[in-house]
Amino acid sequence: MGSFPRSYGRRINWGGLLTPAIKALLIANAAVFLLQTLVRLFFGGQAEFALIQLFGLVPRGVTHGLRFWQPFTYLFLHGGLWHVLLNMLVLWMFGSDLERSWGRRRFFTYYFLTGAGAAVINIVVKTLSDPAGIGSSLQPTIGASGAIFGILLASALVFPDRQVWLIPFPVTLPMRIYVFIIGAIAFFGSLGASGDNISHISHLGGMIFGFAYLRGNLWWYRLRNNFYDWKRQRLRRKFEVYMRERDGERGDRRPGGWVN
């Protein structure tokens, strides 16, 4: 919301609601979903399935078909209107403040790294459980949920005390508690077949890679700061030695035995 001078009310600043990275991701996901819809309407369900097989995440296609683009392109495909709307709503709600805090470049890096990380875990788990490639490793996974769960994990670490309203219940929880609950759901859902079409493995993978990335960055910043501190202390010691030597030379040249 923004106020304007000489106005009788407040106006909505729509440009401030969408940060640059969030806006680009919303447009890209909407465009791809529109493409999916048009392919299904004009060419039929088989054509859409072929599109998903080519650009969705198929573990067998990555490990044996060398389709290395799939860990990134599957993020833009969705299984229905509610699927894409819910993912984009969560992306906007929790990703906007992260982008404002980190900047566009770091947010993009984190988004695609957690999405691709979720894909890697999905591929590893399904390949190990179906080494012959006749079952789960042939099933495509689509949706941005892996990256979305990575964003939720980052929000819990960056804004741990922020209150989240559990729609439609009149209950609020701290962000860290909320993410812990959905992380536990993803974990227990990944232990076995849950009977639904939700890829809990990808959800959990996005959170794991997000945590590793953020903690790794924290470790790197600490290491870098310790190195800079060591360099400053080393330079300070050298300067102190130089000053002592200089003062000693001046003392040796000073005339002695006389008073003013």
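For the stretch 86-166, the Kirkwood hydrodynamic radius comes to 14.1 Å, computed from all pairs of different C-alpha atoms. With a 1.4 Å probe and every protein chain kept in, tell me what percent of the accessible surface of the stretch 20-100 is carbon plus sulfur. C and S fraction of accessible area: 77 percent. Measuring with a 1.4 angstrom probe and ignoring ligands and nucleic acids, Glu48 comes out at about 30 Å² accessible. With kT/(6 pi eta Rh) evaluated at 25 °C and eta = 0.890 mPa s, and Rh the Kirkwood radius from Cα pairs, the stretch 18-72 diffuses with a coefficient of 195 µm²/s according to Stokes-Einstein.
A dipole drawn for the stretch 101-187 from +1 and -1 charges on Cβ atoms has a positive end, and of Gly143, Trp102, Gly115 the residue lying farthest that way is Trp102.
Here the stretch 125-165 yields Rg over Rh of 1.27, to two decimals, using C-alpha coordinates and the Kirkwood radius. Take His203: with every protein chain present and a 1.4 Å probe, its accessible area is about 20 Å².
Counting Lys and Arg as +1 and Asp and Glu as -1 over every other residue whose Cβ lies under 15 Å from the Cβ of Ala21, the net charge comes to +3.
What is the stretch 59-98 by shape, rounded, prolate or oblate, if you read a ≥ b ≥ c off the alpha carbon gyration tensor as root eigenvalues and call it rounded for a/c under 1.5, prolate for a/b larger than b/c, and oblate otherwise? Note, shape of the stretch 59-98 comes out oblate. Quick one: net charge of Val164's neighbours, Cβ under 15 Å, K/R +1, D/E -1? That works out to 0.
The values are calculated or read from the model by the stated rules, or taken from the named source; none is laboratory data. All of these numbers come straight from a predicted model, not from anything done at the bench. Virtual Cβ from ideal backbone geometry, glycine too; neighbours counted across all protein chains shown. Ligands, DNA and RNA are excluded from the accessible area calculation, which covers all protein heavy atoms including side chains. Shrake-Rupley method; radii C 1.70, N 1.55, O 1.52, S 1.80 Å.
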